[in-house]
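All remarks here apply to the structure that follows.
The values are calculated or read from the model by the stated rules, or taken from the named source; none is laboratory data. No experiment lies behind these values; they were computed from the predicted model shown. Methodologically, a virtual Cβ is constructed for each residue, glycine included, from the backbone with ideal geometry; neighbour enumeration extends over all protein chains shown. The accessibility values were calculated without ligands, DNA or RNA, using every heavy atom of the protein model including side chains. Shrake-Rupley method; radii C 1.70, N 1.55, O 1.52, S 1.80 Å.
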There are 2 protein chains.
Amino acid sequence: MNWSDVEIFLAIVREGTLGGAARRLGLTQPTMGRRLKAFEATLGQMLFQRTPDGFVLTDEGTAILVHAERMEEEALALRRALVGQERQLEGALRLSSSDWFGAHMLSPVLAEFSLQHPKVLVELVTDSRLLNLSRREADLVFRIAPFTEPDVISRKLIHIEYGLYAADGSEHPNLGDGAGARLVTMDEAFGGMPDVAWLKRALPKADVAMRSNNREVQATLCARGAGLAVLPRPLGDTVAGIERVDIGEAPPGRDTWVGYHRDLKRLARLRALLDLVIERLVN
Amino acid sequence: MNWSDVEIFLAIVREGTLGGAARRLGLTQPTMGRRLKAFEATLGQMLFQRTPDGFVLTDEGTAILVHAERMEEEALALRRALVGQERQLEGALRLSSSDWFGAHMLSPVLAEFSLQHPKVLVELVTDSRLLNLSRREADLVFRIAPFTEPDVISRKLIHIEYGLYAADGSEHPNLGDGAGARLVTMDEAFGGMPDVAWLKRALPKADVAMRSNNREVQATLCARGAGLAVLPRPLGDTVAGIERVDIGEAPPGRDTWVGYHRDLKRLARLRALLDLVIERLVN
DNA sequence: CGAACGCCAAACGAAAATGCATGGATATCG
DNA sequence: CGATATCCATGCATTTTCGTTTGGCGTTCG
């Protein structure tokens, strides 16, 4: 049995097509077909049913899936074990945060860190989807919710105040009413966020004018007069063309958390960056 | 990272040399060297120290060893999961037992089974070393001690009586003495066996003439006049040229156990053979 | 209803991995 | 001390694997 074929098996399970699996692994579709055929031959079992809409697992394929996934777990852990041992202050560091947090909170710290440790290549990915620390899609993740994944070391970073903002000189709404006002809010997928709920309660009669999952975009929309927006104060207070509106009650603030995988605990460059971040943001 | 390289890494760890690892995997020494070099390159770490007496793990190699072993565990479990699902009464079955048990107890049953299920290829390995059920070095193991390994299903099969045997017509010793008698016993490595201890106590003044780890050999030596031997009665009672000696106290008997891996519980051919064995030996 | 796009399978040539043979270094044994 | 065995590294021929390309099929969209 060729262990590499297990990796291919997993890719096909997840993508459902040979082409998709090939793209995921950086190989080609004919290769995937051949490797799968060879794998099935050595096992003496058909692992997938070839259906019009892709490859779906047979009972036999389902039976081995859990083992294949555990093999992958260990393969990933193996790589982490090595990375975690690196003691030199060089190499790559991959961070993840929300857009505005990266731009307004992290950027200054990262610039300073980059000067201090020129051999460390820092990569900041601002993406709303959650990157997987176990797969090492990121080494260090900043987010506004605590971490629940196992094997992740996390700590609360700072409390972020939020504020209601409007374009400079525009009319201010009244708490509990908001008739005639227009709102810029988070994307529908983020409807559960506290500030969205607060808006609904504080300005129940206001209409939603636009949505975006990007706080920067919301701020810009707000400045151009599209409507009122709830923004993190570190962002809102620095954007030109908008001013904070006090309607007697502030939107709820949020805690920011930072987390990394336990296996990277001894990674010197990660430690150094985290120390600087805490130094600059917490103290 | 090529998952197959992990398998090669493990082989080199266990053999200590490239050549040995190559033989184990059915590859060649240059291939092992090149694959290892490539593996170390992709990980960016040296995994082995090249010493005069072989390849020994570095700290980094030690760090990933546990993960590599767990990957192997899952690879083996993956194969078992498929084999364990086979419902047809065909394929191979690998058994393991002690020599005399295989020859005198199992052979008749296996012959009958082979006639009943001609498409099942039964392979009986009589080997004193313990085969590993997890690695599927054997599907079904008979032994005289309970199973302690995890994930092994076992049951007590039969109680085997032992007896003291001597060549036909030779002199019989006295309990508690044995002066002048010569003994044929188990190999030194098996010194802890109950029958060896019993001999020491029952015939303290007798000398050990010969040793063997093979009960058949012991029986033959006994028949040729080399000395007294403690043998399982199913063996001793059927060997020509020896007779059982009653010195007033019989050597201790032993329980025989049979075990197989949990993953093979639903393997039809294994179930069929085990049922027949129980039918013929227990009832 | 035709064009375009996705999928997979098969054929072919290029690239990579493998095995074989060799050489050098070191330990073992007669 | 020479002969032998075992080990690893290297060069070369061969096999295997891979990527590219092509063709066939079904679905989707204009």
Exercise for the section: With the condition kept exactly as written, say whether any residue in segment B:98-112 is outside the structural domain of B:Val141 (by TED's automatic domain parsing), more than 12 Å from DNA strand D (Cβ to nearest atom) and open to solvent by 40 Å² or more (accessible area, probe 1.4 Å). Expected result: no
Completion exercise
A careful count of residues in segment A:249-273 that are in contact with a strand residue (DSSP E or B) (Cβ under 7 Å, 6 or more places away or on another chain) and in a helix (DSSP H, G or I) gives 4
Completion exercise
Scanning segment B:19-40 for residues that are over 32 Å from the mean Cα position of the chain (by Cα) and more than 11 Å from DNA strand C (Cβ to nearest atom) gives B:Glu40
Exercise for the section: Report yes if B:Leu228 is open to solvent by less than 50 Å² (accessible area, probe 1.4 Å) and modelled with pLDDT of 90 or more, otherwise no. Expected result: yes
Completion exercise
How many residues of segment A:90-99 are in a strand (DSSP E or B) and within 14 Å of chain B (Cβ to nearest Cβ)? The answer is 2
Fill in the blank from the handout: Among (1) within 14 Å of chain A (Cβ to nearest Cβ); (2) within 13 Å of DNA strand D (Cβ to nearest atom); (3) among the basic types (Lys, Arg); (4) surrounded by fewer than 17 Cβ atoms within 10 Å (Cβ to Cβ), B:Arg87 falls short only on (2)
Practice task
Quick one: count up the residues across segment A:195-215 that are surrounded by 13 or more Cβ atoms within 10 Å (Cβ to Cβ) and touching a Lys or Arg at 6+ places or on another chain (Cβ under 7 Å).
Solution key: 2
Handout entry: Any chance B:Phe142 is away from chain A (no Cβ under 14 Å), in contact with a Ser or Thr (Cβ under 9 Å, 6 or more places away or on another chain) and over 30 Å from A:Val83 (Cβ atoms)
Key = yes
Exercise for the section: Go through the residues of segment B:112-126 one by one and say whether even a single one is over 24 Å from B:Asp263 (Cβ atoms) and within 16 Å of DNA strand C (Cβ to nearest atom). Expected result: no
Completion exercise
Per the filter on segment A:1-28, residues free of Cβ contacts under 8 Å to residues at least 40 places away in the same chain, within 14 Å of chain B (Cβ to nearest Cβ) and surrounded by 15 or more Cβ atoms within 10 Å (Cβ to Cβ) are A:Ser4, A:Asp5, A:Ile8, A:Ala11, A:Leu25, A:Leu27
Fill in the blank from the handout: Exactly one of B:Thr185, B:Thr238, B:Thr220 is surrounded by 15 or more Cβ atoms within 10 Å (Cβ to Cβ), at pLDDT 90 or above, of a type in the set (Val, Ile, Thr) and within 22 Å of B:Gly102 (Cα to Cα), and that one is B:Thr220
Fill in the blank from the handout: Flagged in segment A:53-68 as within 31 Å of the chain's Cα centre (by Cα) and either facing chain B (nearest Cβ under 7 Å) or not small (Gly, Ala, Ser) (or both), in numbering order, are A:Asp53, A:Phe55, A:Val56, A:Leu57, A:Thr62, A:Ile64, A:Leu65, A:Val66, A:His67, A:Ala68
Exercise for the section: Tell me which residues, restricted to segment B:57-68, are surrounded by 14 or more Cβ atoms within 10 Å (Cβ to Cβ) and either out of contact with any helix residue (DSSP H, G or I) (no Cβ under 7 Å at 6 or more places or on another chain) or in a strand (DSSP E or B) (or both). Expected result: B:Leu57, B:Thr58, B:Gly61
Handout entry: Residue that is touching a Lys or Arg at 6+ places or on another chain (Cβ under 9 Å), modelled with pLDDT of 90 or more and not polar (S, T, N, Q), where the choices are B:Arg80, B:Arg87
Key = B:Arg80
Fill in the blank from the handout: With the first residue restricted to segment A:260-283 and required to be among the small types (Gly, Ala, Ser), and the second required to be part of a loop (DSSP other than H, G, I, E, B), Cβ contacts under 6 Å at 6 or more apart or on different chains are A:Ala268/A:Arg87; A:Ala268/A:Leu89
Handout entry: Single unsatisfied condition, B:Met71 versus (1) within 16 Å of DNA strand C (Cβ to nearest atom); (2) under 24 Å from A:Glu74 (Cβ atoms)
Key = (1)
Problem - Residues within segment B:32-52 that are surrounded by fewer than 16 Cβ atoms within 10 Å (Cβ to Cβ) and either within 14 Å of chain A (Cβ to nearest Cβ) or more than 9 Å from DNA strand D (Cβ to nearest atom) (or both), tallied - result: 8
Completion exercise
Note: among A:Ala179, A:Ala167, just one is more than 14 Å from chain B (Cβ to nearest Cβ), open to solvent by 50 Å² or more (accessible area, probe 1.4 Å) and touching a residue at least 12 places away in the same chain (Cβ under 8 Å), namely A:Ala179
Handout entry: Residues satisfying the stated conditions in segment A:15-32, i.e. of a type in the set (Gly, Ala, Ser) and over 15 Å from A:Ser4 (Cβ atoms)
Key = A:Gly16, A:Gly19, A:Gly20
Handout entry: Test: residue in segment B:69-79 that is open to solvent by 20 Å² or more (accessible area, probe 1.4 Å), facing chain A (nearest Cβ under 10 Å) and aliphatic (A, V, I, L, M)
Key = yes
Practice task
State which residue is nearest to A:Glu249 (Cα to Cα) when the search covers only segment A:188-204 and only residues that are modelled with pLDDT of 70 or more and aliphatic (A, V, I, L, M).
Solution key: A:Ala202
